[in-house]
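Below is one structure; the comments refer to it alone.
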Amino acid sequence: IVGGSDSREGAWPWVVALYFDDQQVCGASLVSRDWLVSAAHCVYGRNMEPSKWKAVLGLHMASNLTSPQIETRLIDQIVINRHYNKRRKNNDIAMMHLEMKVNYTDYIQPICLPEENQVFPPGRICSIAGWGALIYQGSTADVLQEADVPLLSNEKCQQQMPEYNITENMVCAGYDAGGVDSCQGDSGGPLMCQENNRWLLAGVTSFGYQCALPNRPGVYARVPRFTEWIQSFLH
């Protein structure tokens, strides 16, 4: 996260760190006791060996994996959305199944899913969180970072991202002036909007042009378009 700040411990109890071969590579969001939502591009090409993946829940400082709040789980199933298009970055969402359910604590909680028809209007300030790079091509964060970013209309986002096809399965967020954004390593993590004192998963961190540049918003998979698909796993 660029332009964010250190989060309080337990502030975002659904934010999960994903490790592949013991390297922290992406974020994810806990949506039930045994399912995570992440980005398809995080797991693409690495989904045939789910056992190489590890999810760390209740994490605050990446350097302190021995904290008592933490639960580590192996992944035993990865499902990439079948409409995912790697080149076009469309439908960039995947489900990951924990080998063993987690118990909810003050530090481990699921995030609510939006209704399929939920609209997150442009101008709305939402939050992002992750352990990704603090500047483009820079080092990653130790303490979980958080930041607030306003949502954009898809029309405005398309104007600012002319190289890409911004589809209805995407939502964009960022300031015209730049300075606050998700960055490498934050992929798969949440874009969260608060409604009636509940946090809803509005987006999944997907892509951008570098990080936090002026008139270059971050692009996220638009979760309401996938709520039904996600819920089909949750019984």
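The values are calculated or read from the model by the stated rules, or taken from the named source; none is laboratory data. Just so we're clear, the structure is a prediction, and the values are computed from it rather than from any experiment. So basically every Cβ, Gly included, is an ideal-geometry build from the backbone, and we count neighbours across all protein chains shown.
Brief remarks on what is shown
- Qualifying residue in the stretch 15-31 (condition: buried (at least 24 other Cβ atoms within 10 Å of the Cβ), touching a strand residue (DSSP E or B) at 6+ places or on another chain (Cβ under 6 Å), farther than 22 Å from Asp148 by Cα and of a type outside the set (Asp, Glu)): yes
- Once the stretch 116-138 is narrowed to residues that are in contact (Cβ under 8 Å) with a residue 60 or more places away in the chain and not in a loop (DSSP other than H, G, I, E, B), the residue that is farthest from Ile230 (Cα to Cα) is Ala133.
- The set of residues from the stretch 60-71 being of a type outside the set (A, V, I, L, M, F, W, C) and exposed (fewer than 15 other Cβ atoms within 10 Å of the Cβ) comprises Ser63, Asn64, Thr66, Ser67, Pro68.
- Screening the candidates Ile80, Ile128 for the property of being crowded, with 17+ Cβ neighbours inside 10 Å, in the same structural domain as Asn154 (by the TED database) and not polar (S, T, N, Q) yields one hit, Ile128.
- Residue under evaluation Tyr44, criteria (1) surrounded by fewer than 17 Cβ atoms within 10 Å (Cβ to Cβ); (2) among the aromatic types (Phe, Trp, Tyr); (3) under 18 Å from Gln109 (Cα atoms), criterion not met: (3)
- Asp186 under 13 Å from the mean Cα position of the chain (by Cα) and of a type in the set (Asp, Glu): yes
- Checklist (1) assigned to a helix (DSSP H, G or I); (2) within 19 Å of the chain's Cα centre (by Cα) applied to Ser51, failing item: (2)
- For Leu74: the one exception among (1) buried (at least 16 other Cβ atoms within 10 Å of the Cβ); (2) of a type outside the set (S, T, N, Q); (3) not in a loop (DSSP other than H, G, I, E, B): (1)
- Boolean, Gly179 is assigned by the TED database to the domain that holds Phe120, over 19 Å from Arg8 (Cβ atoms), of a type in the set (Gly, Ala, Ser) and buried (at least 22 other Cβ atoms within 10 Å of the Cβ): no
- Scope the stretch 214-235; condition assigned to a loop (DSSP other than H, G, I, E, B), in contact (Cβ under 8 Å) with a residue 40 or more places away in the chain and surrounded by fewer than 24 Cβ atoms within 10 Å (Cβ to Cβ); matching residues: Asn215, Arg216
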